[in-house]
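*Asks:* The following block contains the structure, expressed as structure tokens.
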Amino acid sequence: MSGNNLVLPIVLWGRTAPTHCISSLLVVDDFSTIITGCHDGQICLWDMTPELQICPRAMLFGHTASITCLSKASACTDKQYIVSASESGEMCLWDVNDGRCIEFTKLACAHTGIKFYQFSLGSEREGRLLCHGHYPEILVVDATSLEVLYSLVSKISPDWISSMSIIRSHRTQEDTVVAVSVTGILKVWIITAEVSRMQDLDPVFEEESKPIYCQGCHTVSFCTFTQSSLLVVCSKYWRVFDAGDYSLLCSVASEADQAWTGGEFIAADKVIIWTEDGCSCIYTLPASCLPASEHFRSDVGKTKEASIPPLIYSITERTDKQLLICPPVTRFFYGRREPFHKLLVQGDSAGRLSLWSVPDTCPPQSSPTELQVSSTVSLQEAFDKLSPLSAGIIDQLSVPPGGEEPIKVTASVYIPSQGRLVCGREDGSIILVPATQTAIVQLLQGEHMLRRGWPPHRTLRGHGNKVTCVLYPHQVSPRYDQRALVSGGVDFSVIVWDIFTGEMKHIFCVHGGEISQLIVPPENCSTRVQHCVCSVASDHSVGLLSLRERKCIMLASRHLFPIQVIKWRPADDYLVVGCSDGSVYVWQMDTGALDRCVMGITAVEILNACDELAPAAVDALSHPAVNLKQAMSRRSLAALKNMAQHKLHTLASNLLAADSQDKALTFLLLQPPSPKLPPHSTIRRTAIDLIGRGFTVWEPYMDVSAVLMGLLELCADAEKQLANVTMGLPLNPPADSARSARHALSLIATARPPAFITTIAREVHRFNAAQANSQSQQNVHTSTLARAKTEILRVVDILIEKMPGDVVDLLVEVMDIIMYCIEGSLVKKKGLQECFPAICKFYMVGYCDRSHRIAVGARQGSVALYDVRTGKCQNIHGHKGPITAVSFAPDGRYLATYSNADSHISFWQMNTSLLGSIGMLNSAPQLRCIKTYQVPPVQPASPGSQNHLKLARLIWTSNRNVILMAHDGKEHRFMV
Amino acid sequence: MLNPQRSLSELPKMSAANQVERAVMEEEFNWLLKEEVHSVLKQLQDILKEASRRFSMPTTGLDGQVKQENFILGSTTMDQVKGVLTLQGEALTQADINLKVSKSSQVLHFQFRDDKQWKLQQIQDARNHVNQALQLLSSRDESYHFKTGAEVNKLMDAVMLQLTRARNRLTTPATMTLPELATSGLMKMFSPPMPGDVMVNFYINLSKLCLAVYQLHVLQPNTTKNFKPAGSSVLHNPGSTFELNNNRFEVSHVHKVECVVPWLNDTLVFFTISLQLCQQLKDKISVFSSLWNYRPF
């Protein structure tokens, strides 16, 4: 798409008309065009003949939300402009003749009504748009530039304006704006030439403000025939007011379950009022409302509800119409030029327009007459009438043999590099066709039309029902396999296809709802994520599906509302999910942990921050404190790294006196609570989080021991804190700190297992040494290490699970830690297997429940022998390389040790005599190597540290017989 | 409920069992449209009426009936700003602001002029949105028979749009530029008049009534510091600069104090519950979407 190439998008509708749920209506002055706006944001132009035949001409795209109102925007007929406004505050100016969008603007609040107003200054005529909506003023907007010029504001109880009308005076230069607020107060502003001319001056205040008790007013309209009355329509009644002093002339209540939604004067003495369900009634006004009558104003001041005026015509809803999903829109227009039609126009949710020509004469009978519809057409009918039918891209393939209805295309993607078009259809099949050939068949007329048969194509069958999205990831980024095509369906599945062979490679069934979107993650994500596609489903879940690993590496569910937007913070490994209710969920892609869930300003800021190309630190280094704060609040690791690199010497924030980031982080973690830095503040939590995630970066600069102890301190009570919180967010600050610290600890441990193990082991040794030497102890149970025992065991457990190789390298240290963390008495009672099953997986760990001893084979070839009762440890040296397996004889008399490195098996006699175990409790057991055998070495199945862990094990079959069982099943039997 | 695995593997062969299941689902769907929808709508109406009541809609002509509430903002000794605000419905009718100027240890005192009050547009907007949602709901009472799921979805979308707006108005205060703030009518509300180097702003953030006070100093025209006017923000940071009437200012101090308005908290809870109810109803309807869109292939 680069260079000077012009890319012209073409839309092929196919035989099915797009949905057009009409939300607003307009007929242009010369009655040549009807304009409809729909709930999806499109605008349709319909041509209308003087005979009232209507035919849709163009579909205008420009809004992102439901159209709330339409208005003309030019007075002259040679250039017909209209303006449209949407729910999201957008305003577009369109040329009706060619459908161009001339001007676009967006305000923070939505307009619900726009009226065009033209005034002349000498010979010059200028157009203004008077807008009202979800704000307490009337904005006066220039009709050509869409700029807000000034506003009409209220002094007395200002509130949203629900309806407005402009009263033009032919006598003076002053025109009047009459509006009714949502609380039922009538407001009057005078627009004089001076007011119209001024720009950006003080606001214009109202001339009059009068409560008329019309809450929930739908329309207020001025009688252009008599110039002296106003019609106000509310849901439950309609009223006529004197346009001079706004006194009530008559009031008519609606029938039981009818709700009026609008009305208009159609003659000096007649009004048409319509209801929510699409019925309309034409009434003759009582004499008290007619200025020409001698009874005019005769009822003013009388409170009695006037009797219902005579109904002369009625229009009921069509009986044959389709089911509607929301109330139709009705408007009345009358032509000021030939052919002077008085038209009632109605548009409904099925995209149908109906017209009634309202006669000027009264029917001869006195009873109300049913007015017949003059003309009606729906978008679909118009599509059906077309000859030839509107083309779809694979029409020739869409009608199944023997079928009637064509199968709709529900998703498509064009692959320019292969010239292929992929169409997912509502029956679950996916069709691949050569794009150009297909387009020629569909769009051009010629010889080829005579040839029968379908263009070459391939059908992929796999989805059970409608295909909702197709994605060809290679086209978005070359890092993906060019064979992979991904499709999602209503059947909750995501299927990966080989686009060349048509083979189904994999089905992901991870979601619990229809797949609504498939997205390619951005370039700079982690390598693992780079080979994923992101799937969004209607059960409000998001998944990262790895095409390479063929598994779902992350599933983020728990969102309460539909997902509206997915954003990425690759540098921080974050997936940001914006939901339809405005809440934002931040997920860590690697771990699948929900980092946080926020609403309000923070949510908006997080979403906006994702759009920034560079992280915060790049710009404005003049305020490092602010930057740091921002980076912290957004938890942008990249931004912080960036700042650390910039060697910010002055972190102006008064709580940070350190000279570089890592010190600051340690400082934030370890600084005792103070009024300026409370124990569980966000900034502290953020520091914890950052320490965890960036440990490999900070490690060289940190006192690892202090950091780990600090983190352990914070999560020492995690169990207690987090036990009460089952799944509800937000957490209370201490619980949140504990959670963060716990997470950071796991991250550090898994990122640098040796650092974690040696540090904690050192702490344990230090503690044990202190315990042994000093008599005056600090309370053992309050020290951090003691309180965090569960937490340490949890991390050790994770390490054994995730990085067994690292654990084996430091197995003795790990056992030291475990011995410290688990009560000896408990091990004695229940056995090691029950107390800490994970460690027993290793063949180099053995436990004897007779003698309560634990043997641990180390990498250096020594075996550490622990006595559970005393906690003492003794080393035996007998092998020249890493120990492969150890095992106690069932009676505890012998210990067999085997090292694959030196290919020897040794037997050690344990002193477990009655005398030894009772009388010499405190002395170390006497150990003697009684036998050594040479064994042929066992070859690992394949290289890799994991395989070395499970090379061979020792199994005692009796008190004196042992089998050395290799991983490949080979056995060697030995006897002591 | 629909089972993904099953719908995937068994749909092609539409068996008798499937037919039975369809019939059951159809019955369940009819129950949903006839009974469940109305019970949810009723619940929604009750909750939203409660929310609307909290806003104590001022009845015209009877303004005296709206309760006055006093809020004290910034009560700790560390706060340099202290404010006592009187909220009456959606308007601040009285305000007393004390500002301790740090360098001179002088205390500035301002209050609203007697003839002035400040309307909190956020509250009015939230109130209007919730009333619009109520209006939408009241048009579909028990006598109305919903015929399609799409119809219910459409109604829920419209209601949720209003409720989301109502909530957003309270949770996301309007962002303003500093010149907008300086020229806003709020600066002219005080007696004694606010000095040129102090600006205030009131807004609602979630359930809190917030008062922000900015102290400014004039930047010398010849200063070498590169001048970059600050954009729109809810709360500006110290160091933000702006230009007004050919003078350049820098914000030297920012003080923000706040106080929870209990009834606003209630309304936020009501909004959240209602939104969840709406979404749950939509989710229930969507379970049957395959039913009403169903075409055997």
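The values are calculated or read from the model by the stated rules, or taken from the named source; none is laboratory data. None of the values given here were measured: they were computed from a predicted structure. Ideal geometry is used to build each Cβ from the backbone, glycine not excepted, and the neighbour counts take in all protein chains shown. We work out accessible area using only protein heavy atoms, side chains counted, and drop any ligands, DNA or RNA first. Shrake-Rupley method; radii C 1.70, N 1.55, O 1.52, S 1.80 Å.
*Asks:* Considering only region B:188-201, how many residues are at pLDDT 90 or above and either open to solvent by 10 Å² or more (accessible area, probe 1.4 Å) or in contact with a Pro (Cβ under 8 Å, 6 or more places away or on another chain) (or both)?
*Replies:* 1
*Asks:* Let me ask something additional. Please find, within region B:74-105, the residue that is nearest to B:Arg54 (Cα to Cα) out of those that are within 14 Å of another protein chain (Cβ to nearest Cβ) and outside any strand (DSSP E or B).
*Replies:* Going through the qualifying residues, I end up with B:Gly89.
*Asks:* If I ask for residues that are assigned to a loop (DSSP other than H, G, I, E, B) and either at pLDDT below 90 or not polar (S, T, N, Q) (or both), which ones from region A:50-64 would you list?
*Replies:* Selection gives A:Pro50, A:Glu51, A:Leu52, A:Phe61, A:Gly62, A:His63.
*Asks:* Collect the residues in region A:26-45 that are within 37 Å of the chain's Cα centre (by Cα) and open to solvent by less than 10 Å² (accessible area, probe 1.4 Å), keeping them in residue-number order.
*Replies:* Those that are within 37 Å of the chain's Cα centre (by Cα) and open to solvent by less than 10 Å² (accessible area, probe 1.4 Å): A:Ile35, A:Thr36, A:Gly37, A:Cys38, A:Gly41, A:Ile43, A:Cys44, A:Leu45.
*Asks:* Do we have any residue at all in region A:262-283 that's buried (at least 18 other Cβ atoms within 10 Å of the Cβ), of a type in the set (Ser, Thr, Tyr), more than 14 Å from every other protein chain (Cβ to nearest Cβ) and under 46 Å from the mean Cα position of the chain (by Cα)?
*Replies:* Yes, because at least one residue in region A:262-283 is buried (at least 18 other Cβ atoms within 10 Å of the Cβ), of a type in the set (Ser, Thr, Tyr), more than 14 Å from every other protein chain (Cβ to nearest Cβ) and under 46 Å from the mean Cα position of the chain (by Cα).
*Asks:* Can I ask one more? Give me the residue from region A:872-899 that is in contact with a helix residue (DSSP H, G or I) (Cβ under 9 Å, 6 or more places away or on another chain) and at pLDDT 85 or above and, out of that set, most open to solvent (accessible area, probe 1.4 Å).
*Replies:* Of everything passing the filter in region A:872-899, A:Pro882 is most open to solvent (accessible area, probe 1.4 Å).
*Asks:* Pairs under 6 Å by beta carbon, first residue in contact (Cβ under 8 Å) with a residue 40 or more places away in the chain in region A:69-80, partner among the charged types (D, E, K, R) and surrounded by fewer than 22 Cβ atoms within 10 Å (Cβ to Cβ), six or more apart or different chains?
*Replies:* A:Thr77/A:Asp30
*Asks:* So A:Arg869 clears everything in (1) more than 52 Å from the chain's Cα centre (by Cα); (2) surrounded by 24 or more Cβ atoms within 10 Å (Cβ to Cβ) except one condition, right? Which one?
*Replies:* (2)
*Asks:* Tell me whether region A:410-417 contains one or more residues that are within 32 Å of the chain's Cα centre (by Cα), within 14 Å of another protein chain (Cβ to nearest Cβ) and at pLDDT 75 or above.
*Replies:* Yes - at least one qualifying residue is present in region A:410-417.
*Asks:* Related question: Could you check how many residues of region A:736-759 are in contact with a Phe, Trp or Tyr (Cβ under 9 Å, 6 or more places away or on another chain) and either open to solvent by less than 50 Å² (accessible area, probe 1.4 Å) or free of Cβ contacts under 8 Å to residues at least 40 places away in the same chain (or both)?
*Replies:* Residues in region A:736-759 being in contact with a Phe, Trp or Tyr (Cβ under 9 Å, 6 or more places away or on another chain) and either open to solvent by less than 50 Å² (accessible area, probe 1.4 Å) or free of Cβ contacts under 8 Å to residues at least 40 places away in the same chain (or both): 8 in total.
*Asks:* Select from region A:535-554 the residues that are in a loop (DSSP other than H, G, I, E, B) and either touching a strand residue (DSSP E or B) at 6+ places or on another chain (Cβ under 9 Å) or β-branched (Val, Ile, Thr) (or both) and write down the one among them that is nearest to B:Ser286 (Cα to Cα).
*Replies:* Restricting attention to region A:535-554, the residues satisfying the condition of being in a loop (DSSP other than H, G, I, E, B) are A:538-541, A:547-550.
Now narrow it down to the ones that are either touching a strand residue (DSSP E or B) at 6+ places or on another chain (Cβ under 9 Å) or β-branched (Val, Ile, Thr) (or both): A:538, A:540-541, A:547-550.
Working: A:Ser538: 9, A:His540: 12, A:Ser541: 15, A:Leu547: 29, A:Arg548: 33, A:Glu549: 32, A:Arg550: 29 Å.
Filtering first and then ranking leaves A:Ser538.
*Asks:* Among the listed residues B:Thr224, B:Thr241, which satisfies the condition of being modelled with pLDDT under 90 and open to solvent by 50 Å² or more (accessible area, probe 1.4 Å)?
*Replies:* From the options B:Thr224, B:Thr241, the qualifying one is B:Thr224.
*Asks:* Out of curiosity, is B:Lys147 facing chain A (nearest Cβ under 9 Å), of a type in the set (D, E, K, R) and in contact (Cβ under 8 Å) with a residue 60 or more places away in the chain?
*Replies:* Yes, satisfied.
*Asks:* Could you figure out which of (1) surrounded by 15 or more Cβ atoms within 10 Å (Cβ to Cβ); (2) in a loop (DSSP other than H, G, I, E, B); (3) more than 14 Å from chain B (Cβ to nearest Cβ) isn't true of A:Leu70?
*Replies:* (2)
*Asks:* Further, regarding this structure: Just to be sure I understand, how many residues within region A:568-583 are under 24 Å from A:Leu747 (Cα atoms) and within 15 Å of the chain's Cα centre (by Cα)?
*Replies:* Count: 6.
*Asks:* Moving on to the next point. Kindly list the number of the only condition in (1) modelled with pLDDT under 90; (2) open to solvent by less than 20 Å² (accessible area, probe 1.4 Å) that fails for B:Ile123.
*Replies:* Condition (1) is where B:Ile123 drops out.
*Asks:* Among helices (runs of 4 or more DSSP H) lying entirely in region A:796-836, which contain 2 or more residues that are among the basic types (Lys, Arg)?
*Replies:* Working: elements: A:804-809, A:811-821, A:824-830, A:832-835.
Answer list for region A:796-836: A:824-830.
*Asks:* Counting just the residues of region A:472-489 that are open to solvent by 20 Å² or more (accessible area, probe 1.4 Å) and of a type outside the set (Asp, Glu), which one comes out farthest from the other protein chains (Cβ to nearest Cβ)?
*Replies:* Keep residues of region A:472-489 that are open to solvent by 20 Å² or more (accessible area, probe 1.4 Å), which gives A:474-476, A:478-479, A:481-483.
Now restrict to residues that are of a type outside the set (Asp, Glu): A:474-476, A:478-479, A:482-483.
Values: A:His474: 26, A:Gln475: 27, A:Val476: 27, A:Pro478: 32, A:Arg479: 29, A:Gln482: 27, A:Arg483: 23 Å.
Selected residue: A:Pro478.
*Asks:* Can you tell me which of (1) of a type in the set (A, V, I, L, M, F, W, C); (2) exposed (fewer than 14 other Cβ atoms within 10 Å of the Cβ); (3) within 14 Å of chain B (Cβ to nearest Cβ); (4) within 23 Å of A:Val271 (Cβ to Cβ) is the one A:Phe340 doesn't meet?
*Replies:* Of everything listed in (1) of a type in the set (A, V, I, L, M, F, W, C); (2) exposed (fewer than 14 other Cβ atoms within 10 Å of the Cβ); (3) within 14 Å of chain B (Cβ to nearest Cβ); (4) within 23 Å of A:Val271 (Cβ to Cβ), A:Phe340 misses just condition (3).
*Asks:* Do any helices (runs of 4 or more DSSP H) entirely within region B:118-187 hold 3 or more residues that are under 28 Å from A:Gln258 (Cα atoms) and out of contact with any Pro (no Cβ under 8 Å at 6 or more places or on another chain), and if so, which?
*Replies:* B:121-138, B:149-171
*Asks:* What pairs can you find where one residue is in region A:199-213 and within 13 Å of chain B (Cβ to nearest Cβ) and over 21 Å from A:Arg239 (Cβ atoms), the other is open to solvent by 90 Å² or more (accessible area, probe 1.4 Å) and modelled with pLDDT of 85 or more, and their Cβ atoms are less than 9 Å apart, with a gap of 6+ or different chains?
*Replies:* Within 9 Å, the pairs are A:Phe205/A:Lys155.
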